[in-house]
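K.L.:
Encoded as structure tokens, here's the structure I'll be asking about.
The values are calculated or read from the model by the stated rules, or taken from the named source; none is laboratory data. Given the structure is predicted, the values throughout are model-derived calculations rather than measurements. Cβ sites come from the backbone with ideal geometry, for glycine too, and all protein chains shown count toward neighbours.
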Amino acid sequence: MDVLVIGAGPAALAIAAALGEQALAVLCLAPGDPAAVWPNTYGIWGPEVDALGLGHLLAHRWSDCVSWFGCEPTRHGHDYGLFDKEALQAHLLAACGEAGVGWQRGLAASIAHDASSSTVTTAAGTALRARLVIDASGHEPVFLQRPDDGPVAGQAAYGIVGRFSAPPIDADQFVLMDYRSDHLSESERRSEPPTFLYAMDLGEGRFFVEETSLALAPPLPYATLRSRLERRLAHRGVMVSEVEHEEFCLFPMNPALPDPNQRLLGFGGSASMVHPASGYLVGGLLRRAPALAAALAAALARQGQAEGDAAALAAAGWEALWPAPLRRKHALYRFGLEKLMRFEAAQLRQFFATFFTLPEPLWYGFLANTLSVPALVAAMVRLFATAPLAVRWGLMQPRGRELALLGRFLAGG
Ligand SMILES: Cc1cc2nc3c(=O)[nH]c(=O)nc-3n(C[C@H](O)[C@H](O)[C@H](O)COP(=O)(O)OP(=O)(O)OC[C@H]3O[C@@H](n4cnc5c(N)ncnc54)[C@H](O)[C@@H]3O)c2cc1C
């Protein structure tokens, strides 16, 4: 086979379908039924899902999208959607089916390479040989190597889908970030890590409310997030009447980019594709899969049917997945996140309030990771120039690995 993809999450299905569409011979290896429902629920901006032509896969879509960084709401003026995760999964599985992607059940346990191929052996002892292996096994990849460049911050959240004694947010509303903290004591506000509410009206009296810590190393414990959520709701006179589902969310926000000299490729969480400033991944991987698949198909075609150079194939894949402009942006986003993690609540609120006064193409492009490098730099400079003094002061103090990340940006990623 041409490519062995490890995993059956959004990343594995997206890249397997895209590779299949390039008429490559693809096999996916996953421990269970690839149609078993994914554990996570995925949100995405409306324009992003529309650009992908996948708006019909949303279970919910909100036009009234707000955040709270002060007494008045910030209105985003963009739709936000929640994927119907079963529909998204079925859509990707159907694309895999049409493209002739094969499936093998098993847990990848070891990998060996020779000059022209790699062989993955499962825990049950089945050996699977391919010209290229793509490790899409999630944020803790089974084989992929990422350099250790210091603590990795986790986005942690505790959420409830349920019914409440009173609506926790306005009807038909989506709340991206409610950073109000009047439910906390003065000393908690000053000394404890800030968290925000992410919430949505799911209709028919059901709401999803989630207390979220943007990024922290080590991550904020679930118990803290849960108690914050309960206190936030109680402060508004809202009690939980019925819990339909609890979400425990934790994933790394700022892992280093994988070593591009390795003999296998990654995709999705494994390949550090999570947006280091927002935590979003799914829109980016759906957008980036076709180009990576096309680059791999072209590299395979160049090598011909004969036994090719597997190292050169992996290198072509890394170059297509993480080209210099994306690597530079990644360094800049990580630099920004380091700053945000040091901010106290008041500074963070001021920062975000300023961020969302940027022209819409800049703040939206920043969050969707669709800006060019010069436009991203322009957005950051403009943010700095218009931010209140306390924020500017915080942005100017280089600490920890911030200078190293800036150096990486300047050196070309
Ligand atoms: C609760 C939660 C909510 C999130 N919400 C959003 C959101 O709204 N929007 C967004 O963009 N991102 C969100 N994320 C972040 C990110 O999108 C998800 O973590 C996403 O699931 C990562 O996709 P993935 O395919 O890379 O990995 P995963 O979804 O983790 O899939 C990994 C796959 O690899 C398989 N696997 C693992 N080990 C092996 C092995 N040894 N052999 C074979 N197969 C293996 C697993 O069975 C699984 O099928 C969220 C994350 C969490 C945890």
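K.L.:
Name the residue, out of ARG226, ARG232, that is among the basic types (Lys, Arg), more than 12 Å from the ligand (Cβ to nearest atom) and more than 18 Å from ALA345 (Cβ to Cβ).
P.N.:
ARG226
K.L.:
Pairs only if they're at least six apart or on different chains, beta carbon under 8 angstrom, first in segment 132-144 and acidic (Asp, Glu), second within 6 Å of the ligand (Cβ to nearest atom) and part of a loop (DSSP other than H, G, I, E, B); list them, first residue then second.
P.N.:
Once the first residue is acidic (Asp, Glu) and sits in segment 132-144, its partners that are within 6 Å of the ligand (Cβ to nearest atom) and part of a loop (DSSP other than H, G, I, E, B) give ASP135/GLY7; ASP135/VAL142.
K.L.:
On the given criteria, is SER63 surrounded by 18 or more Cβ atoms within 10 Å (Cβ to Cβ) and either out of contact with any Pro (no Cβ under 9 Å at 6 or more places or on another chain) or not assigned by TED's automatic domain parsing to the domain that holds ALA291 (or both)?
P.N.:
So SER63 fails the test.
K.L.:
Does LEU362 satisfy the condition of being assigned to a helix (DSSP H, G or I), free of Cβ contacts under 8 Å to residues at least 12 places away in the same chain and of a type in the set (A, V, I, L, M)?
P.N.:
In short, no.
K.L.:
Got a number for residues in segment 361-377 being over 21 Å from TRP322 (Cβ atoms) and surrounded by fewer than 15 Cβ atoms within 10 Å (Cβ to Cβ)?
P.N.:
So the answer is 1.
K.L.:
Any residue at all in segment 99-110 that's closer than 22 Å to PHE208 by Cα, in contact with a strand residue (DSSP E or B) (Cβ under 6 Å, 6 or more places away or on another chain) and more than 10 Å from the ligand (Cβ to nearest atom)?
P.N.:
no
K.L.:
Now for a different question. Name the single residue that is nearest to the ligand (Cβ to nearest atom) among those in segment 124-180 being over 30 Å from ALA223 (Cβ atoms) and of a type in the set (S, T, N, Q).
P.N.:
Ranking the qualifying residues of segment 124-180, first place goes to THR126.
K.L.:
How many residues does segment 13-60 contain that are buried (at least 17 other Cβ atoms within 10 Å of the Cβ), of a type in the set (Gly, Ala, Ser) and either over 19 Å from ASP84 (Cβ atoms) or not assigned by TED's automatic domain parsing to the domain that holds LEU292 (or both)?
P.N.:
Summing the residues that are buried (at least 17 other Cβ atoms within 10 Å of the Cβ), of a type in the set (Gly, Ala, Ser) and either over 19 Å from ASP84 (Cβ atoms) or not assigned by TED's automatic domain parsing to the domain that holds LEU292 (or both) in segment 13-60 gives 4.
K.L.:
Hey, could you check segment 111-123 for residues that are within 11 Å of the ligand (Cβ to nearest atom) and in contact (Cβ under 8 Å) with a residue 60 or more places away in the chain and say which is surrounded by the most Cβ atoms within 10 Å (Cβ to Cβ)?
P.N.:
Among those that are within 11 Å of the ligand (Cβ to nearest atom) and in contact (Cβ under 8 Å) with a residue 60 or more places away in the chain, it is VAL120.
K.L.:
Would it be correct to say that LEU184 is modelled with pLDDT of 95 or more and not polar (S, T, N, Q)?
P.N.:
no
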